[in-house]
Each structure stands twice: as structure tokens, then as C-alpha cells.
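**Student:** Please find one structure pasted underneath; my questions will follow.
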Amino acid sequence: MAKQNNPTADEFLQLIQANAPNNPQIASTQRVVIKSGPQTYKVASVLQIQNPATNEIRHKELRLNSFKYRVGKGIDFSAKERLAHWSCTDDEIEQLRVFLNNFEDAITPGEHIVVRSDRNSTFAKLLESLGDETLNTDQLVGLVSALADRATDLRQLPQLGESDNVRMVAAALRVAHRTNALESLHSLVATDAVEQRFQELLEANWWMLGGQYIEMIPRRDWTVEDSLDILLKSADRYFEIIELKRSNASLFVQDHGNWIVSGEVNRAVNQAAHYIAEIEADRSNLLRKYKVDLYKLKAKVLIGHLDDDDEHHDSKREALRTYNSHLSRIEVLTYDELYRIADNVVHANLGESGQEDIDTSVDEDGLTF
């Protein structure tokens, strides 16, 4: 009688699949053979458990099974053998992974607990790799992305030899992100982009409007007929509407030899004033309904831009300054002024990160601010 060969790992996985019961709660299963015979097969499986009614994944489950193999009898896939396993779910899987990655370091006799971060963790190795001078730009971008995904871990790190290291790393990451956002802002202004593009950029980068804001309020509809572009909360707990208009809007007209703001600017200011009046008239109801007190609401109108090389730059800028001085709770801000505010924030981050200052001005072929 010819000797029966043990199934290979791949063949064993196929046997498990063929003998697995049909369970509508299991959306999918990933398996790996940990030990492939000759007398025992050990398999690790991660099951995606779903709600059969909605197909929504409820949790993941790790199972470790051990199957006995007998020559002439093969493998017993009966329920008794198939259910002989232990399992862990969700966060327990990560706890097991950390333990398996680090148990060899706990060589001192006694009781030990698992700590998620240590010198041999993947995250620690990632931090160490940042000091490798041979890293190219693409690799560095990948590392920065990985660090961004582990922002919580960064905040919990102890000092790394110098008390300012964590702060400097965080500031350097902010510089990288905010410099790209600043370039996007410049590109939108240079191409006379529509308001929607500016809104998308500023919603993701409301730091551009200055350090006095601490939160962006996601709700935009506060009255039946009005929808705000952006609503920000300031450090003194007041709120400010950001009304976005065209970056190529006409800002000024001449009147008796003097520059004054255009009708387009006046209409934008009147619209912002209307928003304030409508919201404040319904203040009590909004406070009761949304638990937000829009008291002493302010507004900032972003409209047009004024080039530095404009022949009448100084007189136009003075006209806008005079116009703003007569407004009470509304300010008109041009997009070139917004760029300067954001640029100042980026340069402040540069100083905090310990990097040398860099020139973020636009080249001669670009739009001058």
C-alpha cells in the first residue's frame, strides 16, 4: 500500500474551506497555516462577523485552531474537532499581536504586563528611521503620512532626549501640510476659481484665517432661507461667519477722483448683515434647539484681491481700510490679505520647528501679492 502523503499548507486550507459550515454571519475569512503537520495542523483565522440583515461588519474575531492528522484517517473535521479552539475579538487581537511581538523581551522572572509602545515596536522603528539621512523625498512623504496616522501616539510619547523634540516634530509636520495648502490658495486666486473651491480649501484649513479661531462649526443652515459658507468659533467663545465671494470681484470704483469700494463689495456686506440679523432674531430658538448661543455674531467677507504692483495699490488699500473702520461687526478681507495671514502662520510654524526660514513668495511668472 502506497504511503499517504500529508497535505501541503495550501491543500489543507482548501480542505478547511470545503468542510467549513455555511454561516450567514461570517462575511469573509482570512486564514494562515501556522504549523503544517506531520501530526498536527495549526491554523489562525480572522473572521469578519456581519449582521445578516444589513451586511454591516459588527466585529472581527481571531480564532486559533488545532487539527490532528492521522495516516489512513486524514483529518477529522467534525464539529467537536472544529470547535476546539480559543478566540479573541477586536481590541484583543491587537493585544495579542503586541504580546507576540514583545514577549521575548520579558526575560526577568516575575509577572509582566503588555505595554503597547516600546523600543522594539513598529512605531518606534518608524521614528528611528526618520533620522536616516539616505531617505529620499518619496520615502519621507510615506513616513510623514504614517506619522499623521499615528497622531494620538505622538501626543502620548515621552521626551525623546530633548524636551522640544516632540513639539518640533509636530511643528515640522504642520509646516509640510500648511505649505501645500498655502500653494493651493495661491493657485485658486491665480486661476479665479469659483467660491466652492475656496470653501473646500478653507473648510479643511481654517487656520488660514488666523490663530483666534479654535473650532469650525459643521452646521451651515441656521435659518430657513440662508446657508452659511463657514462658521468659526473664536477663542473668546464668540462666533464669526465667513462669507466667500469671487476672488476676481471688482473691489473699487472712482468717485470724484477718489477710490471707494464697489457696489459688489457693498452687496456682499449687506448679505452678511442680513445673515447676522436673521440669526440673532432667532437666537433664543437656536440656543434651545442646538445648544449654541450665537451672541454678538460677527462676519468676515472674503472678496477680490489687490496686486502689490497695482498702480493705485496704496490708495485702494487705504480706501478699504477706511471702509472697514466704519463697519461695526463685519470686516472685508481680500484674498491677498488672507494669503499674508496664512503665510505668517506658516512662518511661525517654521520657527517653532527649528527650521530655517524659507521664501514662500511667488515667482515672477505667478500672481504677485
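**Student:** Under the classification rounded if a/c is under 1.5, otherwise prolate if a/b is larger than b/c and oblate if not, where does segment 192-353 fall, given a ≥ b ≥ c as square roots of the Cα gyration tensor eigenvalues?
**Tutor:** Since a/c reaches 1.5 but b/c is at least a/b, the shape of segment 192-353 is classed as oblate.
**Student:** Which one of H274, S227, Y213 is farthest out on the positive end of the charge dipole of segment 188-289, using unit charges on Cβ (Lys, Arg +1; Asp, Glu -1) and the Cα centre as origin?
**Tutor:** Farthest towards the positive end: Y213.
**Student:** Right, here's the next one. How far apart, in nanometres, would the label points at A44 and R97 be if each is projected 7 angstrom from Cα along the Cα-to-Cβ direction?
**Tutor:** 1.0 nm
**Student:** Something else: Order of 277-285, 236-244 by packing, highest average Cβ count within 10 Å first?
**Tutor:** Result, highest mean first: 236-244, 277-285.
**Student:** Would you grab the residues whose amide H sits under 5 Å from the one on N248? Only those 5+ places off in sequence or on another chain, please, with H modelled 1.01 Å from N.
**Tutor:** The list, which skips near neighbours in sequence, is G304.
**Student:** Modelled label-to-label distance, T322 and S28, 7 Å Cα→beta-carbon offset: nm?
**Tutor:** That separation, rounded to one decimal, is 6.8 nm.
**Student:** S250 to S284: FRET efficiency via 1/(1 + (r/R0)^6), r the Cβ-Cβ distance, R0 56 Å, to the nearest 0.05?
**Tutor:** Given R0 = 56 Å and the Cβ-Cβ separation, E is 0.90.
**Student:** Further, regarding this structure: Determine the gain in length on full extension of the stretch E183-N55; use 0.36 nm per residue of separation and subtract their C-alpha separation, reporting nm with one decimal.
**Tutor:** Roughly 41.8 nm would be gained on extension.
**Student:** Given a Förster distance of 45 angstrom, what is the FRET efficiency for V292 paired with N258, based on the Cβ-Cβ distance and rounded to 0.05?
**Tutor:** Calculated transfer efficiency: 0.60.
**Student:** Which ³J(HN,Hα) values in Hz, rounded to whole numbers, follow from the phi angles of segment 47-55 under the Karplus curve 6.51 cos²θ - 1.76 cosθ + 1.60, where θ = phi - 60° and Gly and Pro get x?
**Tutor:** With the stated coefficients, segment 47-55 comes to 9, 8, 8, 10, 7, x, 6, 10, 6 Hz.
Every read-out reported here was derived from the displayed coordinates using simple, explicitly stated rules and does not represent laboratory data. The structure displayed is predicted, hence computed values, not measured ones. Neighbour counts are summed over all protein chains in view; Cβ atoms, including those assigned to glycine, are modelled from backbone coordinates with ideal geometry.
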